[in-house]
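Quick notes on the structure that follows.
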Amino acid sequence: MTPDQPQRRASLPPVPAAAKAWLAPPADPSRLERALGADPRDQSPRELAEARALLTRAAAAGDVDAQFRLGLVLAQLEPPELAEARQWWTKAAEAGDTRAQAGLGLLLSYRLDPPELAEARLWLTKAAEAGETNAQAALGVLLTTRLDQLDPAELAEARRWYTKAAEAGHTEAQFRLGLLLAGWLDPPELAEG
């Protein structure tokens, strides 16, 4: 063989399909970043399938952000895959992700039939106590509209959470706090003008 001739490589046997998954290179970080940052509602079915595959791989490896975002994707599918979304949000929520705690609380209180209000309240409270404004507002809604009986203690707690979220700029909490103060408290607390 002369130096100008290419070396011939021995041909390798074909790789079995089961081995391909293990031999595949890790996900391209930029593709995973796009999947993590993308809104599932803005993706084509092909992009959504790719994002789901990348997120599933990262979530299974313990990436808490991927677990949260995978739950989001699954909850927004048509039809939604709520059982699997719940599984991933629970993992992320147990790891302390406040977005997952809030998402799980909302799923349990509004997306399940029948709702699981006690567990929803627990997760929303954890996220609200950590400063998650969406959870604070959602907990206020849960306390004023989703529980069987309203009592003054729950109205006071709802007021506290609405106030925290409203002071942080959450517009729905501002509106609901106004409703609570104007009509649900006895006597109503109206500002003198």
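Any read-out appearing in this document is the output of simple, stated calculations on the displayed coordinates, not a laboratory observation. These figures come from a predicted structure and were not determined experimentally. Glycine also receives a Cβ, built like all others from the backbone with ideal geometry; neighbour counts cover every protein chain displayed.
So if R0 is 35 Å, what FRET efficiency would A156 and Y110 give, r being the distance between their Cβ atoms, rounded to the nearest 0.05?
0.90
Determine the gain in length on full extension of the stretch T145-Q87; use 0.36 nm per residue of separation and subtract their C-alpha separation, reporting nm with one decimal.
18.3 nm
Given 0.36 nm per residue, what is the gain on full extension from T171 to L77 after removing their alpha carbon distance, in nm?
Using 0.36 nm per residue and subtracting the Cα-Cα distance, I get 31.1 nm.
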